[in-house]
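These notes concern the structure reproduced below.
Rule-based calculations on the coordinates, nothing more; no lab input. What you see is a predicted model; the values in this text were computed from it and never measured. Every residue, glycine as well, gets a Cβ built from its backbone with ideal geometry; the counts of neighbours run over all protein chains shown.
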Amino acid sequence: MDSTKSIMIDISSDVLDQENLDKLVALNNDHALTIINKFVSLCKPSKVTVITDSKEDLDYVKNKSIELKEETPLKLKGHTIHFDSIYDLARDVSSTKVLVSKGEYASPWINTIDREEGLEEILKYMDGCMEGKECLIQFFCLGPTGSKFTICALQITDSFYVVHSENILYRQGYETFKNLNGSADFFSFIHSAGELTGDPPVTKDISKRRIYIDLKESTVLSVNNTYAGNSVGLKKLALRLAIYRSNNENWLAEHYFIMGIHPEGKKRKSSSFFAGAYPSACGKTSTAMITGQTIVGDDIAYVRAWKDGYAHIANIEQGIFGIIQDVNQKDDPVIFDALTTPRETIYSNVLIVDGTPYWLGDKRPAPQKGINFSGEWFPGKKDEKGEEIKYAHPNARYTINLRELKNLDPTLDEPEGVPLRGIFYGGRDSDTMVPVLESLNWDEGVFFGAIIESETTTATIGQTGVRKPNPMANLDFMVVPLGKYIANHSKFGNSLKNPPKVYAMNYFLKNPEGKYLNGMLDKKMWIIWAEGRTYSEYKAIKTPIGYIPLYKDLKALFQQYLNKDYTEKEYVEQFSIRTKHLLDKMDRIEQFYKKEQETPEFFWKILNRWRVELKKLKEKHGKEIISPLELV
Ligand code: SPV
Ligand code: MN
């Protein structure tokens, strides 16, 4: 034991005691020990604690997070509140960079920094960043354990909130790590909240917030932040590493929810599993939570070709870090119930009034005072720039384990994942795409994902409401050339005997007066229609851009599920082909993809076909907006 210690672990016994040392040695993994040695000596914590999968260790994290005031208990049992710095309430895209070597190609919208320069900068910020603090070391599994999907991960951090969140959101993996038999095949995340200020303590030096992705070492370094999208290694930091790996191994790592769709009154041999990618804050979680359906996951999934000829998909998480704004009793009864009853839940950046959390759009009377990320809050409070501080942040979140939800699909831990029947792609698009559209084939479906445009939201720092391309809702996390990523999608699906059907979705279409054309509940009709299409149950109208539903089928669905009279006028307004808007979109998309050196040929072919056929349609009808009734 001692000789192992002197060779492998170079940490003073004042910092790492025998019990914790033993836990590390038992892993029998030199690569992990090398990383731990390196970062403990750089970050200089006063204490190192190794967290195994035991309840005792997990409780230690929870209790210590409260003791250190990273979290504060609320009125209901298991509920806590965590506040991030007022400057750290969303993902910081501009400080998140991929380390690249000289001469390496990166698509222009991938934020990069020269590897040497980036490492020098961030390692400088990390030097001594844990002084006087306790450092936690924990091991996790991305994906169901013991499965082809599983990727192991090592997290080193000085934030108990980060590890507590991870323990809710991911599967513990200390025991699985032992079974790696010394392999270096895992992801590593080193994080520090940096110097802290205030009560509760938050990151002080936000100008030195950096999140640097080292693809070569399968490592992400993140410093001077606590907002989970910046700090929690296993979430979007791991997604970036997985995108890199999957694109070199012909599988997919996606910003997907997964749901089981269960149409009323229809007997299926098995559940119908669908995935969907929409940019953050565009209805992903609420789709996966549609009443009557089951949820497998709401944010990140891996997809692999399976021997049955289907793509199989697995949620790599086991919890939800969900946007809380607009969650209310009427529209999201399952989540609302879970959030207002005792269970392990971390709230972040909501308003606390006498130990009870309030958030925007909760449909309760607006509170008049309380504590939020700005300290004591009162109506009319302004920030430094003179802008009003709302009582809760629009990107305020809740963190819960999926097992807390009564609509959880029983396949969450299935090592084989589940066969994927369909994929939804969508964005916040007020004027172009119809509410639901089926692709003509797999490559046209890849095109649907590749041409997502969406108005920016509060999930990222910066201006909101700006229309931007967001391929597969994954652009923020892209670490390989976009062209390579699109080509990988094409190749992946075309190699399957039963590729998923693909649907473009748009929940945000408006009329020329700016009024939304669909209600919150309408998306249920689109998913039930899509599911039925995968069983060839509905006929559809072929348009230049794909298949749209027949009026009679939607009318029947609205009647059945909402007891609503869906009028032909509504259908025509929603499903007309807006040729001018679509052609303008093709121009924008062309400009965007022209910047990419590696855009595959099939993409340009489809874009040109859309253009030619949309123009023809416009000319044939002598107008810009063509009613679906004229296309039957
Ligand atoms: C998102 O913004 O897409 C999220 C939350 O799911 S974050 O962890 O910030 O990425
Ligand atoms: Mn997300």
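A few points about this structure:
- Cα centroid separation, segment 19-79 to segment 461-539 (Å): 39 Å
- Separation of alpha-carbon centers, segment 333-352 and segment 364-442, rounded to whole Å: 13 Å
- Charging the Cβ of each Asp and Glu at -1 and of each Lys and Arg at +1, and nothing else, the dipole of segment 321-404 about its Cα centre rounds to 80 debye.
- Cleavage-rule hits, trypsin sites (Lys or Arg not before Pro), segment 238-337, DSSP coil, Cβ neighbours within 10 Å at most 15: LYS266, LYS267, ARG268, LYS269, LYS307, LYS330
- With viscosity 1.002 mPa s and temperature 20 °C, the Kirkwood radius over alpha carbon pairs of segment 321-404 converts through Stokes-Einstein to a diffusion coefficient of 161 µm²/s.
- Binning all Cα-Cα separations of segment 358-468 at 10 Å, short to long from zero, yields these whole-percent fractions: 10, 24, 27, 26, 12, 1.
- Helix content alone sets the calculated 222 nm mean residue ellipticity of the chain: runs of n ≥ 4 DSSP H residues at -39500 (n - 2.57) each, divided across all residues, give -9000 deg cm²/dmol.
- Rg and Dmax, both from the Cα atoms of the chain and both in Å, are 24.7, 85.
- Spatially proximal aspartates and glutamates relative to LYS390 (Cα-Cα < 13 Å; intrachain offsets below 8 disregarded): GLU376
- Base-10 log of normalised Debye intensity for segment 63-172 (one unit scatterer per alpha-carbon) at q = 0.11, 0.13, 0.18, 0.20 Å⁻¹: -0.56, -0.77, -1.21, -1.26
- Each peptide among 549-557, 468-476, 134-142 gets the average number of other Cβ atoms lying within 10 Å of its residues, and from highest to lowest they stand as 134-142, 468-476, 549-557.
- As a proxy for reagent exposure, TYR278, TYR60, TYR535, TYR507 were ordered by neighbouring Cβ count within 10 angstrom, fewest first; the result is TYR535, TYR60, TYR507, TYR278.
- Helix 523-533 axis, angle to the chain major axis (alpha carbon atoms, nearest 10°): 70 degrees
- The lysines within cross-link reach of LYS69, meaning a Cα-to-Cα straight distance under 22 Å and a gap of 8 or more places when in the same chain, are LYS44, LYS47, LYS55, LYS77, LYS133, LYS204, LYS369.
- Residue list for segment 250-281, given a label point 7 angstrom along the Cα-to-Cβ vector of GLN560 and an amide N cut-off under 19 Å: 260-274
- Share antiparallel - DSSP beta bridges, the chain, percent rounded to 5: 65 percent
- Residues listed by number, segment 263-301, amide nitrogen under 15 Å from GLU249 label point at 7 Å toward C-beta: 301
- Cα Rg over Rh - segment 170-324, Kirkwood: 1.03
- Each of TYR256, TYR227 has some number of other Cβ atoms within 10 Å of its Cβ, and from fewest to most they run TYR227, TYR256.
- Ordering THR34, PHE603, GLN318 by the projection of their Cα atoms onto the charge dipole of the chain, which places +1 on the Cβ of Lys and Arg and -1 on the Cβ of Asp and Glu, puts PHE603 at the extreme positive end.
- Anchor LYS330: lysines whose Cα lies under 16 Å away (excluding residues fewer than 8 positions away in-chain): LYS363, LYS523, LYS524
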